[in-house]
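> Submitted below is the structure of interest, expressed as structure tokens.
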Amino acid sequence: MTIDIFLQQLVNGLTLGAFYGLIALGYTMVYGIIGMINFAHGDIYMIGAFVALIGFVVLSTIGVVSVPLAILIVLVMAMFFTACYGWAVERIAYRPLRGSPRLAPLISAIGMSIVLQNYVQIAQGARTKSLQPIVNGQYSIDVGNGAHVTVSLLQIIIIVLTVALMAGFTWVIRSTPLGRAQRATEQDATMAALLGVNVNRTISITFVIGASLAAVAGMMATLYYGVIDFYIGFIAGIKAFTAAVLGGIGSLPGAMLGGLAIGLIESFWPVFFDLAYRDVAVFGVLILVLIFRPTGLLGRPEIEKV
Amino acid sequence: MLTVEGLSAGYGRIEALNGIDLEVRSGEIMSLVGANGAGKTTLLMTVCGAPLRTAGRILFDGEDITGLPMHEIVRRGLGHVPEGRRIFPRMTVLENLRMGGYAADPKNFPSDLEKVLTLFPQLKQRLGQRGGTLSGGEQQMLAIGRALIGRPRMLLLDEPSLGLAPLIALQLFQAIVAINRDEKLTVLLIEQNAYQALKLADRACIMVNGRITLHGTGAELLADPAVQAAYLEGAA
């Protein structure tokens, strides 16, 4: 592998890692606070992609030509509407099952995933939707010996936006009353309630935050790939779930790190092996982690000193 | 200040409280003594809004708080130091204390923190440490401090001496008396350590199998032969 291929795949891997990291945060937050895997989360990301697509189409129809302005408006819009979906999913499918055996909300989550996919299939049609590229610039960087690496403007936007969001998100969880209430609920919900935390509202907020981060990933997918359909949430969701498990389910830095790792694995795999087996590689990682290190890279074991 | 009328509660078909009547007066320390499984913790949790109640009413300061959700009750001024301390293990001591002030005005936090650290100076060097790494005694101090940060008008303490070295337990009891005296804070104390609990109480009750079987002043119960036989053997 020459240096230019290495750097090129590094840039591509970082971009992919941004998607997976943003989605993985939603999985890991929900797992942390109510101990369930929200299998509908991948479809929330798909909803985010569709809201973004509709947003871009509407904005271009009414004549908004400024690209940064359009991205900003669509970003806010996608986060808002997708957050509503995330909130509603928790309210309809999970809250009524609070306190029931763990399998019940899991089945409900898979059901919700099917509902969301079919809803979008009916409402938007089953065919692939496409969007003309609206962010076009790219830079070619010379890395010596006549070799060069191409970085698109969109990749830069994706990476910068993701890093900024993750930094903001980390700050909210670490240093604000909302984040403290979120962590307290995660560690001992009854005690948090005894101190005045509205546990149900905190859980709702967790879903809203997770869904809005997934919405950003959805918007970026619409821009980056230019084609989306009602089924994109499935594979992206399972890969992000793999990222969350790899990082240590329940750990927020773990989800970011796991997302980055999965992105890099995906981008470097075809350099050495057959591209067709790329998904196999990712899910192979999931199996290996579950066998050899079930707590993930940054996860903590279940047992702890009390 | 706190009135419980005909309170019954249970877990499914298992009845844990059977028609409890209890009155805690403003400014006093009331101790509730009983064996394991007598229903003491169930009583405190039900007062604080755990959904276990089957009959009866709970009044705090004249207001009916029966059936209010848990997170609303702390805002009425009831601070709870629960059984087993329930420190948030992966939050720092300072963050645990901040959680204590979650429902209170954040402007009061610096002065209230100062007060708690004066009461429990041991916590001062531990502020940046995770709650789960503290010793049992320190965790109990933290649990009491966390409840005090919210500026409660009444403190509910569930077995603060549990699992602590006798000397540390004694220090905690002294702290409780000091808070009661200096801050005029009403205290409802649950204990298995009957001797200490009755000694520092203004009034006390004995609880057996979900009922209150005896009540009187702390001194009266300490002198009661039945109480001595059942709870104080070898203690006094």
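> Among A:24-36, B:203-215, A:52-64, A:128-140, how do they line up from the highest to the lowest mean number of other beta-carbon atoms within 10 Å? Walk me through the intermediate numbers first.
Numbers: A:24-36: 24.8, B:203-215: 19.2, A:52-64: 15.9, A:128-140: 12.8.
Descending mean neighbour count gives A:24-36, B:203-215, A:52-64, A:128-140.
> Dipole of the range A:180-306, Cα-centred, from +1 at each Lys and Arg C-beta and -1 at each Asp and Glu C-beta, to the nearest 20 debye? Show your work: numbers first, answer last.
On the way: 8 positive and 8 negative charges, 71 e Å.
Charge dipole of the range A:180-306: 340 debye, to the nearest 20.
> Further question: Please average, across the residues of B:87-100, the number of beta carbons from any other chain that are within 10 Å of each residue's own beta carbon, and give a whole number.
Working: counts 4, 10, 5, 6, 6, 0, 0, 0, 6, 4, 0, 4, 11, 2.
Counting Cβ atoms of other protein chains within 10 Å of each residue's Cβ and averaging gives 4.
> Among DSSP beta bridges lying fully in the protein assembly as shown, give the percent that are antiparallel, nearest 5. If you can, show how the numbers build up before the last one.
On the way: 29 of 48 bridges.
So the antiparallel bridges amount to about 60 percent of the total.
> Can I ask one more? What number, in nm² with one decimal, is the all-direction average of the projected area of the convex hull of the alpha-carbon atoms of the range B:2-97?
Details: hull surface 29.3 nm².
Result: 7.3 nm².
> Using the number of other C-beta atoms within 10 angstrom as an exposure proxy, rank A:ILE158, B:ILE73 with the fewest first. Don't skip to the answer; put the middle values down first.
Numbers: A:ILE158 26, B:ILE73 21.
With the sparsest Cβ surroundings first, the list reads B:ILE73, A:ILE158.
> Let me ask something additional. Using the Cα centre of chain A as the reference point, and only Cβ charges (+1 on K/R, -1 on D/E), how large is the resulting charge dipole? Debye, rounded to the nearest 20. Walk me through the numbers before you get to the answer.
Working: 15 positive and 12 negative charges, 158 e Å.
Dipole size: approximately 760 debye.
> Could you name the aspartates and glutamates whose alpha carbon sits less than 15 Å from that of A:LYS239, not counting residues in the same chain fewer than 8 places away?
By straight Cα distance, A:LYS239 reaches A:ASP43, A:GLU266, A:ASP279.
> Between helix B:136-149 and chain B, what is the angle of the helix's C-alpha long axis to the longest principal axis, kept within 0 to 90° and rounded to the nearest 10?
Once rounded, one gets 90 degrees.
> Here is a further query. Take B:ALA223 and B:GLU83, extend 7 Å from each Cα along the Cα→Cβ direction, and tell me the distance between the two endpoints in nm.
With each label placed 7 Å out from Cα toward Cβ, I get 3.3 nm.
> Expressed as a whole number of Å, what is the distance separating the alpha-carbon centroids of the range B:105-147 and the range A:12-79?
First find each Cα centre; the distance between them is then 41 Å.
> Can you list residues whose amide H is under 5 Å from B:CYS205's amide H, if they're 5+ apart or on another chain and H is modeled 1.01 Å from N?
Here the answer is B:SER31, B:LEU32, B:VAL33, since their amide H atoms fall under 5 Å of that of B:CYS205.
> Let me know the shape class of the range A:1-77, please: from the alpha-carbon gyration tensor, a ≥ b ≥ c as square roots of the eigenvalues, rounded when a/c is under 1.5, otherwise prolate if a/b is greater than b/c, or oblate.
Working: a/c = 3.01, a/b = 1.10, b/c = 2.75.
Judged from the Cα gyration tensor, the range A:1-77 comes out oblate (a/c at least 1.5, b/c at or above a/b).
> I want to verify the translational diffusion coefficient of the protein assembly as shown in µm²/s; compute it with Stokes-Einstein, Rh as the Kirkwood radius over Cα pairs, at 20 °C and 1.002 mPa s. Spell out each step's value before the answer.
Working: Rh = 26.2 Å.
Calculated translational D: 82 µm²/s.
> A further question follows. Step through the table entries B:LYS40/B:LYS199; B:LYS115/B:LYS199; B:LYS40/B:LYS184; B:LYS107/B:LYS199, compare each Cα-Cα distance with 28 Å, and write down the pairs that go over it.
Numbers: B:LYS40/B:LYS199 19 Å; B:LYS115/B:LYS199 26 Å; B:LYS40/B:LYS184 24 Å; B:LYS107/B:LYS199 37 Å.
Checking Cα-Cα distances, B:LYS107/B:LYS199 exceed 28 Å.
> Evaluate 2.2 N^0.38 Å with N set to the residue count of chain A, then give the Cα radius of gyration divided by it. Working shown, then result.
Details: Rg = 19.6 Å, N = 306, 2.2 N^0.38 = 19.4 Å.
Compared with the compact-globule rule of thumb, chain A sits at 1.01.
> Let me ask you something else. Mean Kyte-Doolittle hydropathy of 0.0 or higher plus an axial Cα length of 18 Å or more: which whole DSSP H helices in chain A meet both?
Result, helices passing both filters: A:3-34, A:41-61, A:67-89, A:103-124, A:153-175, A:199-225, A:232-247, A:252-272, A:278-292.
> Once chain B is represented by equal point scatterers at the alpha-carbon sites, with solvent omitted, what log10 I(q)/I(0) does the Debye formula produce at q = 0.15 Å⁻¹?
With no solvent term, the Cα-only Debye profile gives -1.02.
> Quantify how strongly other chains surround peptide B:42-49 by giving the mean number of their Cβ atoms within 10 Å of each of its Cβ atoms. Could you put the intermediate results ahead of the total?
On the way: counts 0, 0, 1, 2, 0, 0, 3, 2.
If you average over the peptide's residues, the count of other-chain Cβ atoms is 1.
> Would you tell me the mean number of C-beta atoms belonging to other protein chains that fall within 10 Å of each C-beta in A:176-185, as a whole number?
Numbers: counts 0, 5, 0, 1, 7, 3, 0, 5, 8, 1.
Averaged over the peptide's residues, the number is 3.
No value in this document is a laboratory result; all are computed from the given coordinates. Owing to the predicted nature of the structure, the values given are computational and were not obtained by experimental measurement. Ideal geometry is used to build each Cβ from the backbone, glycine not excepted, and the neighbour counts take in all protein chains shown.
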